[in-house]
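Undergrad: Pasting a structure below so you can have a look.
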Amino acid sequence: MTAAQPLRPRLDSVDAMRGLTVAGMLLVNNPGDWGHVFAPLRHADWHGCTPTDLIFPFFLFVVGVSLALSVLERREKATAPPVAALLWRGARLFALGLAINFAAHLVFDTPDIRIPGVLQRIGLCVIVVGPVALYTSARVQWGIIAALLLVYWGLLVAGGSLAPELNLANRIDSALLGQFAYRFDPATGQGHDPEGVLSTLGAIATTLLGLRTGDHLRRGELRALLLLGLGCLGLGALWDAVLPFNKNLWTPSYVSWTGGWAALFLLALHVLVDRKRWPAWGRSFGVNAIVIYAGSMLLVCVLAGTGLLDPAYRILFANWLAPLFGEKVASLAFALSHVLLWWLVARALDRRRIYFKI
């Protein structure tokens with residue numbers, strides 16, 4: 001019997017991508033004034049894809065990459081985590097997301113607690129993709145990706161209109177989530193959630209794309225990474241002509257387009273950070289990503305609940321920056337200060353080697 005081979009060193013590029021993505025989340029989620037935000041820092045109103053619309057798919061993509069580096073690597077050495085551990089991790093993420101939603105419900109006095117959310121979607125993707133990584137081959141994983149995208153495309157087309165109130169995903173959210181969705185109109189019975197039920201099919205496909213990309217990354221197959229990224233971009237661009245990019249619906253074209261950019265971004269970081277040894281900007285965020293994201297959300301709830309959020313923005317930023325540079329600059333400065341605050345927290349934790357695993 002031969003001794004098990006040690007796992008490869010942790011790739012700083014993956015932590016950097018995860019961290020930069022979390023920093024992007026904090027930036028776009030916390031402007032000082034939602035009425036004054038620069039266009040690239042806004043989501044598309046419905047169809048389309050802005051730079052902000054790349055952020056969440058990038059994070060789900062990295063979730064898949066991380067599963068490849070942990071589960072696939074260890075599966076080959078017969079040291080893979082049991083499936084129960086992967087399911088439990090997904091359940092913890094889902095529960096943490098619900099806790100944040102409950103805090104927001106108390107602070108903002110919403111009629112009901114929203115059930116879906118960012119962490120909930122991440123948790124569901126871990127619950128589905130974790131066992132797929134553990135038990136299936138690369139060919140089967142590609143088959144699942146293709147099946148998800150084609151079936152979801154067919155469902156959206158069969159559902160008729162892609163308009164906000166009429167598409168199949170919204171109708172399913174209305175029926176299954178009702179008042180527990182992100183937005184619900186009791187008068188019409190229409191609901192919508194950007195992390196809704198049917199659109200989770202697209203999110204799972206994004207995570208699986210990350211899984212396959214991570215497999216190429218751990219093997220050092222850079223040419224395959226490049227071809228995958230360019231191929232996904234090309235497919236997404238062609239698909240957009242018949243099925244528009246849409247983050248709210250997480251359309252198959254959006255999966256392909258954002259997956260292509262994510263693969264190329266990871267490839268660039270791998271070459272620059274892991275091979276050329278450039279600084280791993282964002283790494284401190286990346287090694288405590290979930291805690292930083294959850295902490296930032298809870299801080300906003302605390303500030304809003306105590307009535308300090310708006311006065312802090314007005315006194316520290318808007319009152320003196322807006323007259324000089326405009327309301328959008330003041331709003332952006334507040335968002336950047338939020339990112340800086342949590343970067344200091346992340347750096348302090350990293351220097352003390354304190355890492356929270358949710």
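The values are calculated or read from the model by the stated rules, or taken from the named source; none is laboratory data. Please read all numbers here as calculations on a predicted model, not as lab measurements. Heads up, the Cβs are rebuilt from the backbone with ideal geometry, glycines too, and the neighbour counts pull from every protein chain shown.
Undergrad: Out of the residues in the stretch 166-193 meeting the condition of being in contact (Cβ under 8 Å) with a residue 60 or more places away in the chain and under 19 Å from Lys247 (Cβ atoms), tell me which one is surrounded by the fewest Cβ atoms within 10 Å (Cβ to Cβ).
TA: Of everything passing the filter in the stretch 166-193, Tyr182 is surrounded by the fewest Cβ atoms within 10 Å (Cβ to Cβ).
Undergrad: Right, another one. Which fully enclosed helices (runs of 4 or more DSSP H) of the stretch 277-358 have 2 or more residues being β-branched (Val, Ile, Thr) and either at pLDDT below 95 or assigned by TED's automatic domain parsing to the domain that holds Met17 (or both)?
TA: 289-305, 327-351
Undergrad: Among Val255, Val329, Val287, which is out of contact with any strand residue (DSSP E or B) (no Cβ under 7 Å at 6 or more places or on another chain), among the aliphatic types (A, V, I, L, M) and without any contact (Cβ under 8 Å) to a residue 12 or more places away in the chain?
TA: Val329
Undergrad: For the stretch 9-92, give me every one of the helices (runs of 4 or more DSSP H) that falls completely inside it and has 3 or more residues that are closer than 22 Å to Thr258 by Cβ.
TA: In the stretch 9-92, 12-29, 55-67 are the helices (runs of 4 or more DSSP H) which contain 3 or more residues that are closer than 22 Å to Thr258 by Cβ.
Undergrad: Right, Arg121: crowded, with 20+ Cβ neighbours inside 10 Å and in contact with an Asp or Glu (Cβ under 7 Å, 6 or more places away or on another chain) or not?
TA: Yes: the conditions hold for Arg121.
Undergrad: Can you tell me which residues in the stretch 227-246 are surrounded by fewer than 18 Cβ atoms within 10 Å (Cβ to Cβ) and not in a helix (DSSP H, G or I)?
TA: Ala241, Val242, Pro244
Undergrad: Ala304 - would you say it is within 20 Å of His105 (Cβ to Cβ) and over 21 Å from the mean Cα position of the chain (by Cα)?
TA: Against the criterion (within 20 Å of His105 (Cβ to Cβ) and over 21 Å from the mean Cα position of the chain (by Cα)), Ala304 qualifies.
Undergrad: Which residue is surrounded by the most Cβ atoms within 10 Å (Cβ to Cβ), if the candidates are limited to the stretch 146-165 and must be closer than 20 Å to Pro116 by Cα and modelled with pLDDT under 95?
TA: The residue in question is Pro164.
Undergrad: Spot the failing condition for Thr110; the list is (1) loosely packed, with under 14 Cβ neighbours inside 10 Å; (2) at pLDDT 95 or above; (3) among the β-branched types (Val, Ile, Thr), and only one is missed.
TA: Answer for Thr110: the failing condition is (2).
Undergrad: A further question on this structure: Need the failing condition index for Pro82 against (1) in the same structural domain as Gln141 (by TED's automatic domain parsing); (2) modelled with pLDDT of 95 or more, just the number.
TA: (2)
Undergrad: From the list Ala241, Ala280, Ala262, pick out the single residue that is touching a helix residue (DSSP H, G or I) at 6+ places or on another chain (Cβ under 6 Å), closer than 22 Å to Ala146 by Cα and among the small types (Gly, Ala, Ser).
TA: Ala262 is the lone residue from the list that is touching a helix residue (DSSP H, G or I) at 6+ places or on another chain (Cβ under 6 Å), closer than 22 Å to Ala146 by Cα and among the small types (Gly, Ala, Ser).
Undergrad: Let me ask something else. Just need a number here: residues in the stretch 247-266 that are buried (at least 21 other Cβ atoms within 10 Å of the Cβ), over 11 Å from Leu54 (Cα atoms), more than 14 Å from the chain's Cα centre (by Cα) and not β-branched (Val, Ile, Thr).
TA: So the answer is 6.
Undergrad: Only one of (1) in contact with a helix residue (DSSP H, G or I) (Cβ under 6 Å, 6 or more places away or on another chain); (2) surrounded by 21 or more Cβ atoms within 10 Å (Cβ to Cβ) fails for Val197. Which number is that?
TA: (2)
Undergrad: Return the residues of the stretch 148-162 that are in contact (Cβ under 8 Å) with a residue 40 or more places away in the chain and either assigned to a loop (DSSP other than H, G, I, E, B) or in contact with a Pro (Cβ under 9 Å, 6 or more places away or on another chain) (or both); say none if nothing qualifies.
TA: If the condition is that a residue be in contact (Cβ under 8 Å) with a residue 40 or more places away in the chain and either assigned to a loop (DSSP other than H, G, I, E, B) or in contact with a Pro (Cβ under 9 Å, 6 or more places away or on another chain) (or both), then Leu148, Leu149, Leu150, Tyr152, Trp153, Leu156, Leu162 are the ones that fit.
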